[in-house]
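Trainee: Structure in structure tokens, see below.
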Amino acid sequence: MEKLVYLVWDRPSIDPAEYGEQVQQITGELLHLEPSALWVAVDDAGAQIPPPVPVPDDELPIRAAFSIWLDAHDRRGPFESVLGGLGVRRAGYLVTESLLEDYGSTPHWPSARDWPDGDRSPGVCVLTVFDKKPGLDDETFYAHWYEHQSTMSAAMQPRVRYVRNAVARRLTPGAPPLRAIVEEDWPTVEHLTDPFRFFGTANGDELAENIRVMLDSMKVFCDSTTLRTYTMSEYLVRG
């Protein structure tokens, strides 16, 4: 089984509700192709919250992401044909997935998922992408990301789902060189808009310290010039 992630950049001027309908139609066409599993994130009407890191004004935002599981990525052609009808540009990646936290595995969402496949997940999903810090070797990159950053952020932040996708290789011509595609789910809008909740503290001094810890960690392995975050609605379409 292989996991493929497709990112879709599109015009920010398209109405979020209209964009959600477009993605819903595309999702139906992808389901018709019978993937083993399908997850969709979209910048629709339910995701109009400022992202943790603003997107530069001079570039298109990622407005949708599709995770598709296939027996072999060699058979991705029909799926890419369907996705070709959406967005200004697209990029596909073969990834290895680590499901570090899921609904029901954290105190911030202690019960298992109880909504049907295809329904919008509660809360807000943040999609984060970035490349490796220039000059950093792979061993150091993965060791810091897996052994420090993931565990530190899990202990600090009240996430309810955390999916770490390490890019194995790019699948589509012109795909930006990314190493990390991360899916993080938060229980409420306030957990993103309130910095005290976002960084897991109610104390001003501790908030400043937690921010320093997070930024210091990211500097070790992340190319900050490629770091982008996007707030989206999550749809676990087929598990």
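Trainee: Please compute the contact order of the chain in relative form: average sequence separation of alpha-carbon pairs under 8 Å and at least six residues apart, divided by the residue count, as a percent.
Mentor: In percent, rounded to a whole number, it is 31.
Trainee: Take every Cα pair under 8 Å in the stretch 136-239 that's 6+ residues apart, average their separations, divide by the length, and report that relative contact order as a whole percent.
Mentor: 27
Trainee: I'd like to know which of Gly28, Asn210, Asn165 lies farthest towards the positive end of the charge dipole of the chain, counting +1 on Cβ of Lys and Arg and -1 on Cβ of Asp and Glu.
Mentor: Asn165
Trainee: Taking +1 at the Cβ of each Lys and Arg and -1 at the Cβ of each Asp and Glu, which of Thr128, Met156, Thr106 sits farthest along the dipole of the stretch 92-239 towards its positive end, judged by Cα position relative to the Cα centre?
Mentor: Checking the options against the dipole of the stretch 92-239, the answer is Thr128.
Trainee: Rounded to two decimals, what is Rg over Rh for the chain when you use alpha-carbon atoms and the Kirkwood radius?
Mentor: Checking Rg against Rh, the ratio lands at 0.94.
Trainee: Give, as ranges by residue number, the residues of the stretch 148-170 whose backbone N falls under 20 Å from the point 7 Å along Cα→Cβ of Thr96.
Mentor: Residues 148-152, 162-170 fall inside that zone.
Trainee: Calculate how large, on average over all directions, the projected area of the Cα convex hull of the stretch 62-182 is; give the answer in nm² to one decimal.
Mentor: Value for the stretch 62-182: 9.2 nm².
Trainee: Say R0 is 22 Å: what FRET efficiency, to the nearest 0.05, do Asp138 and Lys219 get from their beta-carbon distance? Write out the running numbers ahead of the final one.
Mentor: Values: r = 18 Å, r/R0 = 0.81.
With R0 = 22 Å, the Cβ-Cβ based efficiency is 0.80.
Trainee: Suppose all protein chains stay in the model; what accessible area per residue would a 1.4 Å probe give for the chain, in Å²?
Mentor: 46
Trainee: In vacuum, with every alpha carbon of the stretch 1-87 counted as one equal point scatterer, what does the Debye formula give for log10 I(q)/I(0) at q = 0.23, 0.26 Å⁻¹? Two decimals, please.
Mentor: After summing over all Cα pairs, the log10 values are -1.14, -1.34.
Trainee: Still on this model: Determine the shape class of the stretch 179-229: with a ≥ b ≥ c the square roots of the Cα gyration tensor eigenvalues, call it rounded for a/c under 1.5, and otherwise prolate if a/b is greater than b/c, oblate otherwise.
Mentor: oblate
Trainee: Rounded to the nearest 20 Debye, what is the dipole magnitude of the chain about its Cα centre when Lys and Arg each give +1 and Asp and Glu each give -1 at the C-beta?
Mentor: 440
Trainee: List the relative contact order of the stretch 1-125 as a percent without decimals, with contacts defined as Cα pairs under 8 Å and 6+ residues apart.
Mentor: 41
Trainee: With each run of n ≥ 4 DSSP H residues scored as -39500 (n - 2.57), what mean residue ellipticity at 222 nm is computed for the chain after dividing by its residue count and rounding to the nearest 500 deg cm²/dmol?
Mentor: -7500 deg cm²/dmol
The values are calculated or read from the model by the stated rules, or taken from the named source; none is laboratory data. Since we're looking at a predicted model, the values are computed, not measured. All Cβ positions, glycine included, derive from the backbone under ideal geometry; neighbour counts span all protein chains shown. The protein model used for the area step is the full one, side chains on, heavy atoms only, and it has no ligands, DNA or RNA in it. Shrake-Rupley method; radii C 1.70, N 1.55, O 1.52, S 1.80 Å.
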